[in-house]
Structure formats: C-alpha cells, structure tokens
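A quick write-up on the structure given underneath.
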Amino acid sequence: MDGFLVQIINGLQYGLLLFLISSGLTLIFGVMGVINLAHGSLFMIGAYLAYVVAGITGDFWLAPPAAIVGGLGFGAVLERVLFQRFRNREHLDQVLLTFALILLFEEARASLVGNEFHAVAVPALLDFSVPVVGGFAYSAYRIAVLGICLLVAAGMVLFLGRTRVGASIRAAAENPEMVDLLGIDARLIHTLVFAAGTALAMLAGALAAPLQSVYPGMGDSILIASFIVVVIGGLGSVGGAFWAALLVGLIDTLGQVYFPQIAGIAVCGLMALVLSWRPTGLFSRA
Amino acid sequence: MNAILEARDLSAGYDESRILQGVNLALHPGEAIGLMGRNGMGKTTLIRTLIGLLPAREGSVLLDGIDAAALPVFERARRGIAVVPENRGIFASLSVRENLRLAARPGSWSEERVLALFPRLGRRIGNRGNQLSGGEQQMLAIGRALMTNPRVLILDEATEGLAPLMRDEIWRVIGVVREAGVASIIVDKTVDAVLSVADRVVVLVKGSVVHDGPPASLRADPDLMARCLGVAG
Ligand SMILES: Nc1ncnc2c1ncn2[C@@H]1O[C@H](COP(=O)(O)OP(=O)(O)O)[C@@H](O)[C@H]1O
Ligand SMILES: [Mg+2]
C-alpha cells in the first residue's frame, strides 16, 4: 500500500512535468494554429543545457533559470525566423517542416555534445530522501520538482486568467484579426506564446535531467506523451492539458509498475477512446 | 481642415477579383459619413482596405494625410481608427468586462462611461461573450470600440438582424457618439436612419462611388435611391 502511494506521487510528478511541456504545445496550437513536432526537441535541448551548465559551473541551480532565459530568447528567434511563416500553412507542411527541425536539432546536438548518455547529479542541497509513510522514503529533489511544476502551473493559470496580456492571448486564440483591430499586435502575442512555450519545455528538460539520463532522442517519447495529453485535454486548452497530464502521468507510471505488459499501449488506448467518444477532449467545456 | 482618413483612387479586391475601382473618399474630424449601397457593392471591402486588412492594389489610403500602406492593422487602430466588423468579433470565451478592458486606451471613454451608455452591459459584466444575445453583443462590440478612444468609429451593419428596440438603442448610441465629436463611417441598410444621422452620404455601386453629397441631395434624387439602394422613391 505504501509502495502504491509512492507510485502515485511518482505519477503526479511525471504528470506535472508533462504539463510543463504540453501546456506550451497546446497553447502554440491554440493561438498560432501550429503543430510543432520539434517541441520534444526543446525538452531535450533544455536537458542538455542543464548538463552543460551544471558541468561547467558545478552548480545545477543555474540550469533552470538558464533554460527559462535561454528558452525565451531561442523561442522568440525561432518564431520570428521560422514559425511565423508556418502559421498559415497546411498542417502537413507544418509536420514536415517541424520534423525537419527535429533532425536539425539532433544533428546539432550530436556535433556539439556528442551521442553519449550522461548523468546529471541531483543537486547536493536536495540529495536526500524524505520519509513518506511506513519506511518508504521519497527523493527530496523529486518533491522539489513537483513543487516547482505546481508553482509554474498556478502562475500560468493566474497569468492567463487574470492579466490583460493573458486575456489578449485567449482573445488571439479565438480571433487574431479582431485583436489587431483593437490596436494590439497579434504578431507580438504569437512571439510571446511561442517563446513562453519554448522556455517551459526547456525548463522541463532541465528539471528532468537529474531524474533520468540525458541522451539522444530523449525528446521523442516525451513528444508523443505530450501530444496524447494535448488531445485528451482538448486542443488549445491549458486547463484541459493540466488534468490530462496528471491522468497520463498516473496511468503511465502505475501501468509500468503494475501492468508492465500493457503499459505501453494504455495511454494510447485512452487517447483512442477519448478521440472516438469525446473528440474535443475529455476536459473541454461545452 | 485635413482629413483623418482618406481613400485616393483606391482599388482593392480578393485574389483575381477586383472589387473596389478607384474609390475617393475623405473623412474629416467629427464628420459622420453614411456609406450605402446594395449587398455586394463593396462596402465591407472598402472598410477592410481602409483599416489595412486588405492591401490597396492601386491608389492609397491616407491617415492624417500620410500614406498608410506601411502601417499594419494594429497601428492604424492605435492611431484612432476603430472598426466594429460585420460579425461583431466578440471574444466568446472572454467576459464582457475582459472584452472591454482588453481594448482600453487612455482617453475620455472609460469603462464607467461606456457602461453608462449601455446600462444593459453593466448587468452582464461577468458573462462570457457567447452568453450574450445578438443585441447585447452588438452593444459590447460598439462599447469595446469606444474603449479604444477612437477618432473614427466605423460601423459595418451594426443594426443588422436586431430586434426593433435594439436597433433604436444602437441608433441612439450612434447619435451620442456623434455628439461627442467622434467621426464615423456608418454602413447600414436603414436608409432613413442613415440619412437623418449622416453629414454626408456616399453610395457605392460595383465598387465605385456614384454619389457623394449631403443627405438632402440623395433625398432629392428618388431615381438614384431606387436604382442604387432599392428604396421606392
Ligand atoms: N473573402 C472574399 N473573397 C472573394 N470575394 C469576396 C470576399 N468577400 C467579399 N467578396 C466579394 O466582394 C464583393 C463585395 O463584397 P462586400 O464588400 O462584402 O460587399 P458589401 O459589404 O457592400 O455587401 C462581393 O461580390 C463579394 O462576393
Ligand atoms: Mg458588407
């Protein structure tokens, strides 16, 4: 029973990390209408950034801020140079273009840091375990990640729901032309959303680096999981993505522990069910 | 006095089709222009070209006497041109308050003043855009445009499809806005109402201006009224 509790926490922690990635993916789709297959690569880049920053400075705690700042800048440049042009293209074009980006990012990673697996040490400050229930202990770093993700999620909800910029992002998702007619630069909103989505994915990568190794192609499986979250939550819905991420995190984690034979397809099966039963998403309104 | 907004020999259209053919039109501060013409004559196309949603193919749009070709839509809006589009453009998932506040720019039109103009919106302030009736949406669209503190308010079929009481309400507000000194371009099918509020009436036929003059000159020409507006003289 206590082991079960630990797995639940594991599932929630994985789910919250998934939320950081899929919230950007779903916002970018909702606001810009762009399907970005390279979103998983941004997670990988964030993880490698953490590996490099922690390696050079010896201080892991510089990595998350570096991922956020670097992600905002990198995302803004990507949007201005490339994604702005993808916006009004067919989805097939977007898929091809962003698939090419995956290859490009992997190639860049290979030539910059090579193809080896790397471990990133858990920061010393949090390198201990917290007793949970009855003899079971839980990594303090994992708990910290859980807390950081929750904070970011709460911040996003408040920002999107309560601020004027947040309202203009929701408005731009509905009708960018009308946003322009009100004197607000919808293009700037697109850049902002893409930059924020990139920063969130890279932050997730940096936070995940000490939890798993840093390795080539690590963005692929997270991309698939994130797409499943986006579909289950309802395309474009950040709130939906939150609950869907928790659900997928739990099902995937518990599945792998208790039903390893079917764990691989459980989440995909859930997505298929949602698509056929509620194609607008399990958590979408109306 | 310099025109705020002007079209000079303006031509524009969609893909292959050329809709506007050498349109000339000048709107001066505080002036109300009634833009008329049957369905499909190019009124909406002219509005879209003035605000920059469609590029000018030939001729130009001038804002305060300066060619606006390089100004994107949001920049023209910031310089004081507000458009209430045919479809109203209410953000369905945003509340009435959010719809209004999103648009706010400094000036005398505040949330309080807009709500005083449309008391009905005040009672719906927390409702989402998609929970409003058609008339309430139209009020919100106009109120939101006023929140930008425009020098020019362009209304595209603002009373279309509304119940008579709602129409009266919109016409009342158009009168108030005019008294407040905001210039306007009013596109509407209700000929009598347009003629009574406008300083000048411009009639479009197949993308060309066939009449530009005071309402009296149009009233005096029942033949033109019948041909171009479908109004029995
Ligand atoms: N998006 C569009 N693409 C192609 N043709 C259009 C489009 N919108 C309008 N038109 C055509 O342009 C002409 C003028 O339309 P419009 O400006 O909407 O007229 P009005 O507002 O006076 O009723 C019509 O013949 C219409 O069919
Ligand atoms: Mg029209």
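Laid out as a table, the results:
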read-out	value
Burial ranking of peptide ranges B:44-56, A:119-131, A:15-27, B:196-208 (average Cβ count within 10 Å, highest at the top)	A:15-27, B:44-56, B:196-208, A:119-131
Where Rh is the Kirkwood radius over Cα pairs, Rg/Rh for the range A:13-66	1.08
Whole-Å distance, taken between Cα centres, linking the range A:131-176 and the range B:123-169	36 Å
From the C-alpha gyration tensor of the range A:2-277, square roots of 5λ in Å	30, 22, 19
Derived scalar couplings ³J(HN,Hα) [the range B:32-46; Karplus, 6.51 cos²θ - 1.76 cosθ + 1.60; whole Hz; x for Gly, Pro]	10, 9, x, 9, 10, x, 5, 4, x, 7, x, 5, 5, 4, 5
Counting DSSP beta bridges with both ends in the protein assembly as shown, the antiparallel % (nearest 5)	60 percent
Length-normalised contact order of the range A:2-277 in % [C-alpha pairs under 8 Å, at least 6 apart]	41 percent
10 Å Cβ neighbours from other chains, averaged over peptide B:83-93	4
For B:VAL201, distant residues with modelled amide H under 5 Å away	B:GLY34, B:GLY213
Residues in the range B:137-173 that a label on B:ALA116 would reach, taking backbone N under 20 Å of a point 7 Å out along Cα→Cβ	B:139-151, B:169-173
At least 18 Å along the helix axis (C-alpha) and Kyte average at least 0.5, DSSP helices within chain A	A:2-32, A:39-57, A:63-78, A:91-113, A:140-162, A:186-208, A:218-233, A:238-258, A:263-277
FRET E, pair A:ILE8, A:GLN256, Förster distance 22 Å, beta-carbon r, rounded to 0.05	0.95
Semi-axis lengths, Å, the protein assembly as shown, gyration tensor of Cα atoms, sqrt of 5 times eigenvalues	55, 24, 20
At R0 = 45 Å, FRET efficiency that the Cβ-Cβ distance of A:ALA137 and A:ARG85 yields, to 0.05	0.30
Under 10 Å, Cβ to Cβ, from B:SER11 - net charge with Lys/Arg +1 and Asp/Glu -1	0
Rg/Rg_globular for the range A:121-162, with Rg_globular taken as 2.2 N^0.38 Å and Rg from C-alpha atoms	1.54
Average beta-carbon neighbours from other chains, 10 Å sphere, peptide A:179-192	6
Residue of A:HIS39, A:HIS190, A:HIS118 that the Gaussian network model of chain A assigns the largest fluctuation, springs spanning Cα pairs under 10 Å	A:HIS118
Over the range A:5-164 - Rg/Rh using Cα atoms and the Kirkwood inverse-distance radius	1.01
For the range A:140-286, the Rg and Dmax computed from alpha carbons only, in angstrom	17.2, 56
Residues in the range A:97-113 reached by a label modelled at A:ILE56 [backbone nitrogen below 19 Å; 7 Å Cα→Cβ]	A:108-113
Semi-axis lengths, Å, the range A:190-266, gyration tensor of Cα atoms, sqrt of 5 times eigenvalues	23, 18, 10
Relative contact order computed over chain B (Cα-Cα under 8 Å; 6+ residues apart), in percent	26 percent
Computed over chain B, Kirkwood Rh from alpha-carbon pairs, angstrom	18.0 Å
Per-residue average of Cβ from other chains inside 10 Å of B:73-79	5
Nearest-ten-degree value, helix B:164-179 long axis tilted from longest Cα axis of chain B	80 degrees
Peptide ranges B:169-179, A:156-166, A:209-219 listed from the most packed, as the mean C-beta count within 10 angstrom indicates	A:209-219, B:169-179, A:156-166
DSSP beta bridges in chain B [antiparallel fraction, %, rounded to 5]	55 percent
Centroid-to-centroid separation of the range A:35-112 and the range A:251-276 [C-alpha atoms, Å]	28 Å
Label-zone membership for the range A:208-240, site A:LEU92, 7 angstrom Cα→C-beta point, backbone N under 15 Å	none
Part-to-part distance (alpha-carbon centres) for the range B:72-120 and the range B:52-70, which is given in Å	23 Å
Sulfur and carbon atoms: percent of accessible area, the protein assembly as shown [1.4 Å]	62 percent
Global size of the range B:1-124 as Cα Rg and Dmax, reported in angstrom	16.5, 47
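The values are calculated or read from the model by the stated rules, or taken from the named source; none is laboratory data. This structure is a prediction, so every number in the text was calculated from the model and none was measured. Here the Cβ is made from the backbone with ideal geometry for all residues, glycine too, and neighbour counts use every protein chain on show. Surface accessibility is based on the protein's heavy atoms, side chains included, excluding ligands, DNA and RNA. Shrake-Rupley method; radii C 1.70, N 1.55, O 1.52, S 1.80 Å.
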